[in-house]
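Working notes, structure below.
The values are calculated or read from the model by the stated rules, or taken from the named source; none is laboratory data. The model shown is predicted, which means the values in this text are computed figures rather than measured ones. Neighbour counts are summed over all protein chains in view; Cβ atoms, including those assigned to glycine, are modelled from backbone coordinates with ideal geometry.
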Amino acid sequence: MDVQAIIEKFRPAIIQIAAPESNGTGFYLTEYNLIITNFHVTEGVSELIIKGKSFDKTFTKVWYTDKKHDLSFLKPPDNVEFGNVSLGNYETLKDGDDVIAIGHPFGLSYSATLGVISKVDRIRNGLKYVQIDAAINPGNSGGPLVNSLGDVIGVNSFIYKGGDNLGFALPVMYLKEALTLYMPVYGQVATRCPACDFLVTKANIDLERYCPNCGTEVILPETESRFAEPGGIAKTIEDILLSLNKNPRLARINTNEWEVQEGNEQIKISYNPDNYFIAGDAFLCQLPHDPVKIKELYRFLLDENDKLNSLVLSCSEQDIVLSCMLYDLDLSFEKGKEQFEVLFKLADKYDNLLKTQFGCIDRMRE
């Protein structure tokens, strides 16, 4: 199968995953109606934020965890077209076979790297791994390793730090085994005992914490900690966003940083406890190419800044940014809502005006 055809085939099936302390990749399997990823991406949480080509950010639940094999299964969103992705066979793999590693490295949107299988059966911690030289990075974790036929032959799991393109994928045979184990209880939360491989569910867990087969302590996904709710200044900011019809939990990038969409504009809100300021930055269009228009634009921005109350228009390299800033000790719900409401309202207005009047250019977006 042509490499470009494989990359396009997988595009709708690849999922970006964000947890409070990490990010990773998942992929949808048509036959099983599940999103597959690594356990270390989902560890410690019962729900995560996911985003795909055909759907916006949304929360989903962790249904199955398997610490030993570093696997987790997630509930897929309803009514989404993911394409058709299927599993290949480990038994057919050979050293030197061409492979493609697909994922979201460092949180970037969708990338694919080519390579070969360096060793089919590298042993680590009592399990076989497919060693590859295709570049994988943080954020690739949980993405599919794909063969030249366009079938999934592994789950990209880890790299050796300091190694030169030294990556490892869990072979597809372990994934098939886990799927066979889980499917009879599909839709329920379950975990695989790391000691005896027994499937532990709410129905059979012993004293809510032990494997009924061997007595090993286990944790079901739904009893893991959830996203920590913020307090203090962060809570006030999230209350303001909620009042402006923004979902603060989906907007949350980390404890003190949020990103929302208002019309065509991307707006970033951040709080820095070290310098005590809350900043809101709406990234508008970009500078025009015409130098005459650029000079006219600069004069316009200076004139507008004289009129704006507590907002400022500025240029950051090519981007034109509309910003507001608040001192944390002065922040109240009423004052913050007023400031952000004006920022959101004027962002689209200025974006349209700058493009129409000065020939400014739309920002490129993925």
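Considering only residues that are in contact with a Ser or Thr (Cβ under 8 Å, 6 or more places away or on another chain), touching a residue at least 24 places away in the same chain (Cβ under 8 Å) and of a type in the set (S, T, Y), which ones fall in the stretch 283-331? Within the stretch 283-331, S323 is the sole residue that qualifies.
Could you tell me which of the residues V200, V155 is modelled with pLDDT of 95 or more, assigned to a strand (DSSP E or B), touching a strand residue (DSSP E or B) at 6+ places or on another chain (Cβ under 8 Å) and under 29 Å from K9 (Cβ atoms)? Break it down into steps so the answer makes sense when it comes.
Numbers: V200 fails: under 29 Å from K9 (Cβ atoms).
Checking each option against the conditions leaves just V155.
With respect to (1) under 13 Å from the mean Cα position of the chain (by Cα); (2) under 25 Å from I153 (Cβ atoms); (3) part of a strand (DSSP E or B), the lone exception for T58 is condition (2).
Determine whether the stretch 98-110 contains at least one residue that is at pLDDT 90 or above, assigned to a strand (DSSP E or B) and within 30 Å of T216 (Cβ to Cβ).
The initial filter retains those residues of the stretch 98-110 that are at pLDDT 90 or above, namely 98-102.
Those still in the list that are assigned to a strand (DSSP E or B) too: 98-102.
With the extra rule that they be within 30 Å of T216 (Cβ to Cβ), the set shrinks to none.
Checking the stretch 98-110: not a single residue is at pLDDT 90 or above, assigned to a strand (DSSP E or B) and within 30 Å of T216 (Cβ to Cβ).
Only residues that are under 26 Å from I153 (Cα atoms) and in a strand (DSSP E or B): list them for the stretch 36-53, please. Hits for the stretch 36-53 are I36, T37, L48, I49, I50, K51, G52. Of the residues screened, D281 is one that is of a type in the set (D, E, K, R) and outside any helix (DSSP H, G or I).
Yes or no: the stretch 166-183 includes at least one residue that is small (G, A, S), closer than 22 Å to K9 by Cβ, touching a Phe, Trp or Tyr at 6+ places or on another chain (Cβ under 8 Å) and surrounded by 15 or more Cβ atoms within 10 Å (Cβ to Cβ). Within the stretch 166-183, one or more residues are small (G, A, S), closer than 22 Å to K9 by Cβ, touching a Phe, Trp or Tyr at 6+ places or on another chain (Cβ under 8 Å) and surrounded by 15 or more Cβ atoms within 10 Å (Cβ to Cβ).
Please determine whether any residue of the stretch 257-267 is in contact (Cβ under 8 Å) with a residue 60 or more places away in the chain, assigned to a strand (DSSP E or B), more than 19 Å from N352 (Cα to Cα) and not assigned by TED's automatic domain parsing to the domain that holds K57. Taking every residue of the stretch 257-267 in turn, none turns out to be in contact (Cβ under 8 Å) with a residue 60 or more places away in the chain, assigned to a strand (DSSP E or B), more than 19 Å from N352 (Cα to Cα) and not assigned by TED's automatic domain parsing to the domain that holds K57.
For the stretch 238-248, filtered to residues that are buried (at least 17 other Cβ atoms within 10 Å of the Cβ) and of a type in the set (D, E, K, R), the residue that is farthest from the chain's Cα centre (by Cα) is E238.
Looking only at the stretch 316-366, which residues are of a type in the set (A, V, I, L, M), part of a helix (DSSP H, G or I), crowded, with 16+ Cβ neighbours inside 10 Å and over 27 Å from the mean Cα position of the chain (by Cα)?
Taking the stretch 316-366 and keeping what is of a type in the set (A, V, I, L, M), we get 320-322, 325-326, 329, 331, 342-343, 346-347, 353-354, 361, 364.
Then drop every residue that is not part of a helix (DSSP H, G or I), which leaves 329, 342-343, 346-347, 353-354.
Filter once more, so that each one left must be crowded, with 16+ Cβ neighbours inside 10 Å: 342-343, 346-347, 353-354.
V342, L346, L353, L354, listed by residue number.
Do we have Y210 as farther than 24 Å from Q4 by Cα, surrounded by 15 or more Cβ atoms within 10 Å (Cβ to Cβ), free of Cβ contacts under 8 Å to residues at least 12 places away in the same chain and not aliphatic (A, V, I, L, M) here? Judged against the criteria, Y210 is a match.
Note on the stretch 60-89: residues that are at pLDDT below 95 and either of a type in the set (F, W, Y) or not assigned by TED's automatic domain parsing to the domain that holds G154 (or both) total 1.
With the requirement that a residue be over 21 Å from the mean Cα position of the chain (by Cα) and hydroxyl-bearing (S, T, Y), what does the stretch 61-95 give you? Scanning the stretch 61-95 gives S86, Y90, T92.
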